[in-house]
Each structure stands twice: as structure tokens, then as C-alpha cells.
Amino acid sequence: MAARTEQDVVRSELRWSIVVGLTVGAISLAILWAGLVRFINPPSNIETIDPNSVHLSAEFNEANLGTRVENGQVVTRVVATQFSFAPQCVVVPANRQVTLRFTSPDVIHGILVTGTNVNTMVVPGYVAQVHSVFRKTGDLLMPCHEYCGLGHSQMWATVRVVPEDDFKPDADGRALCEKP
Amino acid sequence: MRSLDRLTLAHLWLSFAAFAIACVFGLWQMLARSPWPAPFFTPSNYFLSVTAHGSIMAYVLPTFFIMGFGYFTAERALDRRLPLRRLAWAGFGIGIFGVAMAVATILSGRASVLYTFYPPLTGSVWFYIGLVLVVAASWIWCAIMIVAMRDWKRANPGAPVPLAMFATVANAIMWLWTTAGVGTELVFQIIPAALGWTDSVDVGLSRTLFSWTLHAIVYFWLFPAYIAFYTMAPKAAGGRLYSDTMGRVSFVLFLLYSLPVGMHHLFMDPEHSTGFKFLQMTLTVLVTVPTLFTIFTISASMEIAGRLRGGKGLFGWIGALPWERPMVLATGLAFFMLWFGGGGGLINMSYGMNAMVHNTSWVTAHFHLIFGGTVVIMYFAIAYEIWPHVAGSPANSPARQRLQLWLWAIGMMVMTIPWHWLGLLGQWRRVAQFDYTNPLIAQWGPWVLVSVFGGALLLASALLFVWNLAQAHRRPASAVDAFSFARALHEHDRAPRVLNGFGVWNVLVAVLMLAAYGFPIAQFLIDDRPAALVHRTSGRAP
């Protein structure tokens, strides 16, 4: 390119700045569109819980863990703790919105469900909440993806996605993983 | 050998020796996670190794490299004696003492908390104190850089500070801002917990403070690579820097936009609202601006060099560049890796899309490619470039230097392409081993083995690098021309005041940080957030 005078240099830089501006603008618009129009937002419910009494809380006591249908909504509650999940397997119906709620009584954990976009940190002191619709049936892995101590590698659970017709909660609305 | 060169050499050798050791740990970790057996494998050895690899690569390699290169730059670019030399040596002493303390604690197995700490997990307090000493040493360096520039400006009123030094001071100032986050976390949360003075930690606050540091620290590491792009590569190619002003603008933008963006590491965290996550995401998009400016300016500078060497046509100048020179080759390879690493980074920072890749191997691949690839390959090139001047004799032959650079770039691509793919398949991070009898995990096997091969190439390259540098000390000193940085195409004897100092930019950083982090940090102090009990990884009382 012509760079004989300083004006040439500045002109070329201004042209490039326009390209940069358009690129950055396009990226920002795409993200804005996903957030505002498609409601693709990260899990951000600032909802606190005392980590030292999780097992005594109304929501995360042992009897209330796992999947339950509440007012037509499927809600799955899991406690992530060094070095396992409670429960180790949860069942969810395919093609229905599922609300997953997690908390930790000890240290930082995190989960993802393989083959889906379900992903959240599980931070002691907070309830992490993710909404998702599982399209494919079968067993999915739900490992802990954040370092939580020497047993971290052994910490994983199963999400069992069953066809909607096979999803049969009991009278109390609860559904359990059956032995395969 | 001048005494300043001994100072530079001491820093660089500490940096590179630690780096080579950390590469051995890295390859062993890859074996542990692969379908093949790894010798000495236990989960505790694995997390000891991850802590050592991460702490060395994040805190020792870049910090001491930047300090050593900064001292070199201050004296060569400003063409005057470095002030406060004794203090600089004292800083080195504190730093090496801190490194020894931290590394010994890691190797004893009492600090397997990884370099990102994860409170309420706590390791032995000596690990944290060692790291605080390393940071303290780097603050001494920051002060010396600022003083050196101030002295030079007093002696040369109105003259533009040479670009290499302007950028170095921008980095020093950015680093002072950067370390405020992790420093506060260590001093007020982690060290009291490790000492047993407190029994619980506000985890939301500690994660937020660490995120303050976590993005800018990467730009601290990256600055030397960009300094080499602007002030060394054009000269090595036989041309001139296209625009000195664009360099200044880019370095100022790095100072501004590296800091108020760290919350993009916390997109998946429950303790922050979408509003502040979105704000910091928007600021993160702006970090691409100085990089895109740099790609333009350096490409234009290289084009000038290529055309001066007889390159014709739209792309003919590329072939005409002196690729046999290590600095030119490294710049080309760094740019190649920057396209992949930068592209992956855009996905990471994309707020919603982050859910797809958060804490998967995709992220590990991203930062290995952008830091280990683009940045560290420029550390190699800088070392080769300045070695004749600081060690008195060139590093090994240019052919060996090129072999080492190629091995590194190929190894990095062979390692990180499978990692990106495995991340998309859902391979999660920070585990010591995988159960390859699980059908889902079994299909990852071949990809993992390819990446192990890439890791082996990287280790070979790292060892060759150290060997290449060591050769200089076995040869008698040879006469070399005085070192000089690249000159700009159109040089000025004055620079606009805003682009010749940092006063106004510091005010802007403060405003941006207040906007981005003011409430997100204050919320933990306003609300009474539940704290988590301290968990000691060593299982021992403090």
C-alpha cells in the first residue's frame, strides 16, 4: 500500500479502523441478539443458602432431592459434595423444560451435562439454577468440572433422559432413576 | 559482561529453567489423562503436578521473563543507566526466595490447590506467602520501570518515550492494578484462613477478587510479545514500523480494557447478575480492538520489509521476507496461532455461548494456544534476539533456533486442535484420569493420544530451547553490534502528551474499574453473604 507520506498511513489506519468497528459491532450485535431475543443468558440467580445447614434446609434436605413435578414444572435438585452427587442419578423427561437446581455444602464444584449446554458453577453459599430441554433420550454424564479436592476425578453423576411417556412421577410428583 | 546484562540473564535463566521443568510436568499430566499408563500415577501426584505446572507457567515463567526483558529494554531503549540497580537485585533475591518457598511447598504435597487457589480449599500458608513474595518482587520491578521513564522524561523534556519503553511502563502500571485483586484475596481471605485465624471464607467475594486479576494477568504475559511485534520484528525483517502512534494507542487500549473484563471468567457463576456479566462482556469485546490494530500495523510493517527486499504483487512480499531469521519466523508462527487462539477466545467470551465450553478442554486448549503458543514463542524469539547482547555470544545456530520454533508451533497445534474438539465433545477439566471403559469416554481415546504426541513435541522443543541458550555460555564472547529497536517509518521528535504518559489513562482505568467492579464487590460487603467453612487439603492443622 502507499505509505509515502504520513497522511497515507493515517488514511489506511482509518480505513482499517472502520473494518475493526464493523467487526466488533457485528460480534456485539450477535451476542445481544442471543441474549435479548433468544434469552440465552448465563445462570445468574443470586440466591443464597447457608452451606453449613444445606441438609436441614426445606429444599435441599435428603428427602427432597432428585426430580419432582411441581405445579406442572419439572424441577431437579442435586447436592454436589466432596466427592459425589446426591442423588447419583436423576431422571428427566425428554422435550420438556427442566429446571435444574444445585448447591454445595462444602467447597466449589461445577457441573456440565455432556452433549448439552447445561453448565454451571456450584458455589457454596448459593443455589445455581439452569433451565434446559433435553432432546435426546439416554444416559448422559454429569461430571464435576471444577477442582474440588483429590477425589475430584471420581465425582460424576448420571442424567437419565426418558421419553415423555415413560416419565411417570408418583403421587407426590417424584420420579426416581430405576436400576437399568 | 555489563552488570545490567547479568541482571537480565539471572531473571531469564530462572524463568526458562522453571519453564523446562514445568513442561515435564505437563507431558506427564497428559499421559495420566490418556488411555496409556503414567508412571508414579496417583491422584495426589497428579494435582501436585497440576499445581506445579500452573504456578510455574503462570507466576514464574512470565513474571521473571518480563522483569528481565524490562530491565534490558529500559537501558537499551532509553540509552541510559538503569536507576536503582541494587533494588533490582534485591527484588530478584526476594523473587527467587519466594519461588523456592512456593515450589518446595508444592512438592511436599501440602499445596495441591492449583494456581487458581479455589478457597475454601486451603493449602499450606508457605505456598501463598511464596507467591506473595514473587508479586512483591514484581512490584519492585514496576517501580523501577516507572522511575526510569520519569528520569528519562526529565532529561528529555517533550521528547517521545521510545515505544518499547512506553509499552513496558504501560505493562508495569497495568500489573500494579492487576495484582490488587489477587493480592487482596490472598492477604485478607486466604492467608488468614491458611493460618487458622479464620474458619470460613466468602467464596463469592474471593472468586470476584481473583477474576479482577485473571484476565489482566494474561495481558501482562502478552505485552512482551506485542513489544517484540512492534519494536523488534520489523527491524529483523529489514523494514520499519508502519506507525509508532498506532503502537502507543494499542498499548494504552490494552491498559484500559484488560482490567474491567475479568468477570467473563465468572459467566457460569451464581453470585453475579446478568447485568454486570453483560457489561463486562461488552468491555471484553473491545479488547479485540488493540489486537486487530496490531495485526494491521505489523502486517503493514512486514509488507514494507518484503517490498524493500523485492517482493512484488499482492502477496509476493510475504515470500520475500527473510523467514530464515528466527524473529521473523516466530512472528509468522505467532500470528498463525493467534488466529486460532483469538477465534476460540471470541467464543469463550460470548456470554451465552460460554455455556457450551466452560470448564471443558476447549478452554485449556484456548489458553495453551494463545499464551503457550503466540506469547511464549515470542519469548523464545526475544531471548534469541537479545542473547548475543546479554550473554556475550549468540545462542545456538539459526538452524537449531528455527528447528526449535517449528517444533514448538507444530507441537502446540497438534496438542490443542484435539483439545478443542474434545472440549466440544464435553471432556471436562482438572481430572486426574478418565474411565476409558465408559463408551462415551472411550471414543475420546484416539484424540487424546494425538494430543499426547503434540505434548511430546513441546517438551522436546522446550529442552532444545534451553540447550540452544546454554550453548552461548560455552563459547568465547564475540563482538556484536549495539542493540537497537525498530524505527518507525515516519519518526517524530514530539508525541502528543496523552500518548507519552499514563496520568489520564490511570484515571480512566479507575473509572472503568469502579463501574465494572464497584457494585459486584460491594454487594458482598452490603449483604451478609453466607461463608463456607475452610477445607484444608493437607488434612493437617495449620
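The values are calculated or read from the model by the stated rules, or taken from the named source; none is laboratory data. None of these values were measured; they are calculated from a predicted model. FYI the Cβ positions are ideal-geometry reconstructions off the backbone, even for glycines, and counts take in every protein chain you see.
Listed by position, the helices (runs of 4 or more DSSP H) enclosed by the range B:273-391 that each have at least 2 residues that are of a type in the set (Gly, Ala, Ser) and under 30 Å from A:Ser153 (Cβ atoms) are B:326-348, B:361-367.
Could you name every one of the helices (runs of 4 or more DSSP H) located completely within the range B:182-246 that has at least 1 residues being among the aromatic types (Phe, Trp, Tyr) and out of contact with any Gly (no Cβ under 6 Å at 6 or more places or on another chain)?
It comes to B:203-214, B:216-231.
Only one entry of B:Ala409, B:Ala470 meets the criterion of being closer than 20 Å to B:Phe19 by Cβ and under 23 Å from the mean Cα position of the chain (by Cα), and that entry is B:Ala409. Taking first residues from the range A:39-68 that are within 14 Å of another protein chain (Cβ to nearest Cβ) and over 30 Å from B:His264 (Cβ atoms) and partners that are assigned to a loop (DSSP other than H, G, I, E, B) and of a type in the set (A, V, I, L, M, F, W, C), the Cβ contacts under 7 Å between residues at least 6 apart in sequence or on separate chains come to A:Ser57/A:Ile49.
A single member of A:Thr103, A:Thr120 is crowded, with 22+ Cβ neighbours inside 10 Å, more than 8 Å from every other protein chain (Cβ to nearest Cβ) and hydroxyl-bearing (Ser, Thr, Tyr), and it is A:Thr103.
From B:Val161, B:Val113, which residue is assigned to a loop (DSSP other than H, G, I, E, B) and touching a Lys or Arg at 6+ places or on another chain (Cβ under 8 Å)? Of B:Val161, B:Val113, the one residue that is assigned to a loop (DSSP other than H, G, I, E, B) and touching a Lys or Arg at 6+ places or on another chain (Cβ under 8 Å) is B:Val161.
Any idea which of B:Pro446, B:Pro388, B:Pro418 is surrounded by 18 or more Cβ atoms within 10 Å (Cβ to Cβ) and either without any contact (Cβ under 8 Å) to a residue 24 or more places away in the chain or in contact with a Ser or Thr (Cβ under 7 Å, 6 or more places away or on another chain) (or both)? B:Pro418 is the lone residue from the list that is surrounded by 18 or more Cβ atoms within 10 Å (Cβ to Cβ) and either without any contact (Cβ under 8 Å) to a residue 24 or more places away in the chain or in contact with a Ser or Thr (Cβ under 7 Å, 6 or more places away or on another chain) (or both). Between A:Ala157, A:Ala80, A:Ala175, A:Ala94, the distinction of being touching a residue at least 40 places away in the same chain (Cβ under 8 Å), at negative phi, small (Gly, Ala, Ser) and surrounded by 24 or more Cβ atoms within 10 Å (Cβ to Cβ) belongs to A:Ala80 only. Scanning the range B:313-322 for any residue that is in contact (Cβ under 8 Å) with a residue 40 or more places away in the chain, surrounded by 20 or more Cβ atoms within 10 Å (Cβ to Cβ), of a type outside the set (Val, Ile, Thr) and within 13 Å of chain A (Cβ to nearest Cβ) turns up nothing. Taking the range B:435-454 as the range and being more than 8 Å from chain A (Cβ to nearest Cβ), part of a loop (DSSP other than H, G, I, E, B) and within 22 Å of A:Glu146 (Cα to Cα) as the test, the residues that pass are B:Asp435, B:Tyr436, B:Trp444. Selection over the range A:1-24 of residues that are facing another protein chain (nearest Cβ under 9 Å), part of a helix (DSSP H, G or I) and out of contact with any His (no Cβ under 9 Å at 6 or more places or on another chain) gives a count of 10. Any residue at all in the range B:358-369 that is within 30 Å of A:Ile111 (Cβ to Cβ), within 14 Å of chain A (Cβ to nearest Cβ), of a type in the set (A, V, I, L, M, F, W, C) and touching a residue at least 24 places away in the same chain (Cβ under 8 Å)? Taking every residue of the range B:358-369 in turn, at least one turns out to be within 30 Å of A:Ile111 (Cβ to Cβ), within 14 Å of chain A (Cβ to nearest Cβ), of a type in the set (A, V, I, L, M, F, W, C) and touching a residue at least 24 places away in the same chain (Cβ under 8 Å).
Picking from B:Ala515, B:Ala532, which residue would you name as being of a type in the set (A, V, I, L, M), within 14 Å of another protein chain (Cβ to nearest Cβ) and in contact (Cβ under 8 Å) with a residue 60 or more places away in the chain?
So the residue among B:Ala515, B:Ala532 that is of a type in the set (A, V, I, L, M), within 14 Å of another protein chain (Cβ to nearest Cβ) and in contact (Cβ under 8 Å) with a residue 60 or more places away in the chain is B:Ala532.
Take the conditions of a type in the set (S, T, N, Q), touching a residue at least 60 places away in the same chain (Cβ under 8 Å) and within 14 Å of another protein chain (Cβ to nearest Cβ) and apply them to B:Asn396. Does it pass? So B:Asn396 fails the test. For the range B:269-288, the criterion of being closer than 30 Å to A:Leu100 by Cβ, without any contact (Cβ under 8 Å) to a residue 24 or more places away in the chain and crowded, with 22+ Cβ neighbours inside 10 Å is met by at least one residue. Candidates in the range B:83-93 are the residues that are part of a helix (DSSP H, G or I) and aliphatic (A, V, I, L, M); of these, the one that is nearest to B:Thr8 (Cα to Cα) is B:Ala88. Answer yes or no: is there a residue in the range A:141-154 that is more than 15 Å from the chain's Cα centre (by Cα), aromatic (Phe, Trp, Tyr) and at pLDDT 95 or above. Yes.
Flag: B:Leu489 does not match the condition of being in contact with a strand residue (DSSP E or B) (Cβ under 8 Å, 6 or more places away or on another chain), aliphatic (A, V, I, L, M), within 14 Å of another protein chain (Cβ to nearest Cβ) and without any contact (Cβ under 8 Å) to a residue 40 or more places away in the chain.
Only one of the numbered conditions (1) within 14 Å of chain A (Cβ to nearest Cβ); (2) closer than 30 Å to B:Glu303 by Cβ; (3) in contact with a Ser or Thr (Cβ under 8 Å, 6 or more places away or on another chain) is violated by B:Phe210, and that is (2). A single entry from A:His109, A:His131 fulfils the requirement of being crowded, with 17+ Cβ neighbours inside 10 Å and more than 7 Å from chain B (Cβ to nearest Cβ): A:His109.
Among the residues of the range B:323-341, the one identified as surrounded by fewer than 18 Cβ atoms within 10 Å (Cβ to Cβ) and either over 25 Å from B:Ser397 (Cβ atoms) or among the polar types (S, T, N, Q) (or both) is B:Trp339. Each residue in the range A:134-147 was checked for being crowded, with 18+ Cβ neighbours inside 10 Å and either among the small types (Gly, Ala, Ser) or touching a Pro at 6+ places or on another chain (Cβ under 6 Å) (or both), and 0 of them qualify. The set of residues in the range B:391-406 that are buried (at least 24 other Cβ atoms within 10 Å of the Cβ), over 21 Å from the mean Cα position of the chain (by Cα) and either under 30 Å from B:Val450 (Cβ atoms) or of a type in the set (Asp, Glu) (or both) contains only B:Gln401. The combined condition, being aliphatic (A, V, I, L, M), at pLDDT 95 or above and more than 17 Å from the chain's Cα centre (by Cα), is fulfilled by A:Val69.
Taking the range B:94-110 as the range and being in contact (Cβ under 8 Å) with a residue 24 or more places away in the chain and either within 18 Å of B:Ile144 (Cβ to Cβ) or not in a helix (DSSP H, G or I) (or both) as the test, the residues that pass are B:Ile94, B:Gly95, B:Ile96, B:Gly98, B:Gly109, B:Arg110.
Taking the range A:126-140, which residues are over 13 Å from the mean Cα position of the chain (by Cα) and of a type in the set (S, T, N, Q)? The answer is A:Thr137, and nothing else.
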